[in-house]
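One structure is given here, and the rest of the page talks about it.
The values are calculated or read from the model by the stated rules, or taken from the named source; none is laboratory data. Just so you know, these numbers come straight off a predicted model, no measurement behind them. Please note: Cβ atoms are built from the backbone with ideal geometry, for glycine as well, and neighbour counts cover all protein chains shown. All accessible areas refer to the heavy atoms of the entire protein, side chains included, with ligands and DNA or RNA removed. Shrake-Rupley method; radii C 1.70, N 1.55, O 1.52, S 1.80 Å.
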Amino acid sequence: MRFLRLIPLPTALLLQLAMLMSAPASAQQTDCGEQLALDHAFASGATWSMCLSVEESHGLTVRSVRYRAPGSTLRSVLSEAHLGQLLLHYHDSRDPIAQINPSLQPPRSAEFTDIIAMNDNSCDGTRLTVSGHAAAVCSRVRDNRILAKYAQRPGIQSQKLEISSAFQRQTLTWTSSFTFTEDGQIRPGLSLSGRAVQTTPAAEFAQVIPAGTAPLTRATVLANWRLAFDLDTPAADRVEQFDFPLDADNGNRRPMQVSSLNTESLLEVERENFRGWRIIDASGAGYFLDPANSGFSYRSLGMDWAQSDGAVSVFRPCERHAWLNSGESIPGAGDAPAAGCGASLDDYIDGESLQGSQPVLWYSLSRTLDPRIEDWPVIRDVAFQFDLTPFDWTAASPFEVND
């Protein structure tokens, strides 16, 4: 059996893409140094390997992420991934509030930290001590969707490894996560919870909020992720854009159009064209990002990157945050941007060639927080997530059903 390949049908992009093509030589696992090394093997033989750290500025960071399909070899996927920026924009204010500001969250001891320790209520898995912070990361294995199904034989159930960590900003709690599935998918995620913020009055809250207390204000949250790829082969990875425009003159078909992104660029979701992006290496293996859940837009004064749905840039270790970038390549390296590094994503995207360089994908999702009575005094979880789907990693399905 072979998994689905990319085909010129938008519905197929909502399905799991294939993992085809044989694996090259084994990748060597990187020494994590002071970071926490985490390895997990599923019953099928599929394995994820990575290094974990937590940082005051943006919480959870995963590095040197590698995946091994059953019967294959351990192969590099990501060099580094973490939140790139969080904007909280109350609708009665002109400017957003950056939840990621390295100058306000310098490296600190575990005694004075915004990193929240996990407990029995927030973590039903294994609590890990990371970067000197006790119980800073929750690791748990859960059931995932059906992995494979052949004719009338029972389907194979897959599992997924979830890694999460939380940090606090005033009364709000942000929980960043990465989910790694048995069949090679990566699902970055974010959730917001905590105590409600009050600013302006609203009549519908008058009966449930004490007199003289102002209720919730509508707000928009913009979440941006920084994904630095490093796919398997030594050659630089490439970024391609997929479009499926409607051809009304040819039976309302949607022919697939593929274009290479050769220079640093801001990215826009073209929903009517079912646009998506894939990162591919010299072997033909890679990952596809389908922005199917990108249903909101954000408008900003003076920040082009925030109005875009994403960007692709050349990898530089000091370009870590989409706004208010400190210029540090490692935590604690300093507050001022290093030479050659900008203060925001708008500075990074200057038309530089991507040829021969490792690409960094910056992807954003936004949500409008429309307060309800149920959100007082503690707001309900607001969640963001998207999928990175693998393709062309093995020549045939590595999840065969034994007779």
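If r is the Cβ-Cβ distance from R253 to D381 and R0 is 35 Å, what FRET efficiency results, to the nearest 0.05? Don't skip to the answer; put the middle values down first.
On the way: r = 41 Å, r/R0 = 1.17.
Result of the calculation: an efficiency of 0.30.
Would you work out what percent of the accessible area of region 85-188, with all protein chains in place, is carbon or sulfur (probe 1.4 Å)?
On the way: 2300 of 4820 Å².
Roughly 48 percent, rounded to a whole number.
Two-decimal Rg/Rh of region 225-332 from alpha-carbon positions, Kirkwood Rh?
Details: Rg = 16.4 Å, Rh = 16.0 Å.
On the Cα set of region 225-332, Rg over Rh gives 1.02.
Shown are K160, K149, whose ranking by accessible area with a 1.4 Å probe and every protein chain present, most to least, is K149, K160.
Can you check what the net charge comes to around D114, using other residues whose Cβ is under 14 Å from the Cβ of D114 (Lys, Arg +1; Asp, Glu -1)? Before the final figure, lay out the partial values.
Numbers: positive: R108, R169; negative: E55, E56, E111.
Net local charge, D114 excluded: -1.
Taking every alpha-carbon pair under 8 Å whose residues sit at least 6 apart, region 99-158 reaches a relative contact order of 21 percent. Looking at region 131-184, the accessible area is 40 square angstrom per residue; that uses a 1.4 Å probe and ignores ligands, DNA and RNA.
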